[in-house]
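Below you'll find the structure, written out as structure tokens, and then a few comments.
What follows draws every value from the coordinates through simple rules; no lab data is involved. Bear in mind that the values here come from a model prediction, so they are computed numbers and not experimental data. Note that each Cβ is placed from the backbone with ideal geometry, even for glycine, and that neighbours are counted across all protein chains shown.
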Amino acid sequence: MRPLIRLGTRNSPLAMAQAREARERLCTAHGWDEDAVELVPVVASGDKVLDRPLAEIGGKALWTKELDAWLAEGRIDASVHSAKDVETLRPRAFAFGACLVRADRRDCLVGARSIAAIPQGAVIGTSAPRRAAQLLSLRPDCRVVTLRGNVATRLAKLEAGEAQVTFLAAAGLERLGQGELGAPLDCDEWLPAAGQGVIALECRADDEGVRALLAAIDHRETRRELEAERALLAHLGGTCHSPVAAWCRMKDGVLAVDAALYSPDGSECVRAAITASPGDLGAIADLAGDLLKRATPDIAAHFGKEPAQR
């Protein structure tokens, strides 16, 4: 059978698990056999260089640029992304055709049961400015070192003693069948990344046929949350160097939003919470403005940029 849709994905165990979930949802929604959806793996630039922080070697675009090229050339019909790894501003030629129902958005600790249980002076491995800043704000006695790679690579580095504790996304561990490895952190105390737990399928904006196919698996509440979180990042003008956390969730038809900006060393933080009607991006812009207005110089230095849209 000739595939009805070709899904591009990074060639990592977690990315492939996400692509298989997208394929399963498409086949269920449309009554297709599995071979109606072809998975097309690509090795992303971000998976090739693991000894430096992502922000130093090109930022989130290193997760998307190969898939973007294949999508633009028509070699694939849609890309499967972990939404938190997608740049805030995307090429105008592309659109999110579907957001799958959100999985667990929490971070997990690996190597300790809780933030309080981390040994005094422990070495914490992470390449995420948000995680580093939040950790140091709560445990300034700890030391943060760069730890990058897919889940298996980071776990191996932890086992090898490069760090005592690290963070992994709960959704990623669950999708790999390794949920027991981590201790989830409550979002009331430890804010997640924007887009965490969301699988997004991106297609060409003018491909009405593919957009119609993807619409069948689009989860409206997840899309509303993701739109708000990405709008917040856009209005903040953050980059891969920006320690920012956001928690948006739908509650009884209302969007509740918590957000925080940090200085890189975690010593300073501004935080705010609002409720808004779903789709009210003006309220999100106001929230960003309030956070930036109250930001100290050490925080503000990492926000307010104007990334170019392709």
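Residue ranges 71-79, 31-39, 196-204 sort as 196-204, 71-79, 31-39 when ordered by packing (mean number of other C-beta atoms within 10 Å per residue, highest first).
The modelled label-to-label distance for the pair Lys293/Ser267, using points 7 Å beyond Cα in the direction of Cβ, is 2.7 nm. Using the Cβ-Cβ distance between Ala256 and Ala152 with R0 set to 45 Å, the FRET efficiency from 1/(1 + (r/R0)^6) comes to roughly 0.80. When the inverse distances between all different Cα atoms of the chain are averaged and flipped, the Kirkwood radius reads 19.9 angstrom.
Compared with the alpha-carbon gap, the fully stretched path from Ala93 to Ala69 is longer by 7.5 nm at 0.36 nm per residue. Between Ala216 and His30, the distance separating the two model label sites (each 7 Å from Cα on the Cα→Cβ line) works out to 0.6 nm.
Remark: spin-label model distance Thr275-Val43 equals 5.1 nm, labels positioned 7 Å along the Cα→Cβ axis. For region 107-184, the relative contact order comes to 45 percent (Cα pairs under 8 Å, sequence separation of at least 6).
Among Ala152, Ala295, Ala128, which one shows the highest mean-square fluctuation when the chain is modelled as a Gaussian network with alpha-carbon springs under 10 Å? Residue with maximal mean-square fluctuation among Ala152, Ala295, Ala128: Ala152.
The mean sequence separation of alpha-carbon pairs under 8 Å and at least six residues apart, normalised by the residue count of the chain, gives a relative contact order of 21 percent. Comparing Asp252, Asp206, Asp85 in a Gaussian network model of the chain, where Cα atoms under 10 Å apart are tied by springs, the biggest mean-square fluctuation is seen for Asp252. Counting only aspartates and glutamates at least 8 places from Lys157 when in the same chain, those with an alpha carbon closer than 14 Å to its own are Asp51.
Restricting the calculation to Cα atoms, region 81-155 yields a radius of gyration followed by a Dmax of 15.9, 50 Å.
The overall shape of region 79-214 is prolate: from the C-alpha gyration tensor, with semi-axes ordered a ≥ b ≥ c, the ratio a/c is 1.5 or greater and a/b exceeds b/c.
Among complete DSSP H helices in the chain, those whose alpha-carbon atoms stretch at least 15 Å along the helix's long axis and whose mean Kyte-Doolittle hydropathy reaches -0.5 are 13-30, 61-73, 281-294.
Largest mean-square fluctuation among His219, His81, His30, in a Gaussian network model of the chain whose springs join Cα atoms under 10 Å apart, belongs to His30. With an a/c value of 1.5 or above and a/b not larger than b/c for the gyration tensor axes a ≥ b ≥ c computed over the alpha-carbon atoms, region 156-280 is described as oblate. Given region 234-300, what whole percent of its Cα pairs are spread farther than 19 Å? Percentage above 19 Å: 31.
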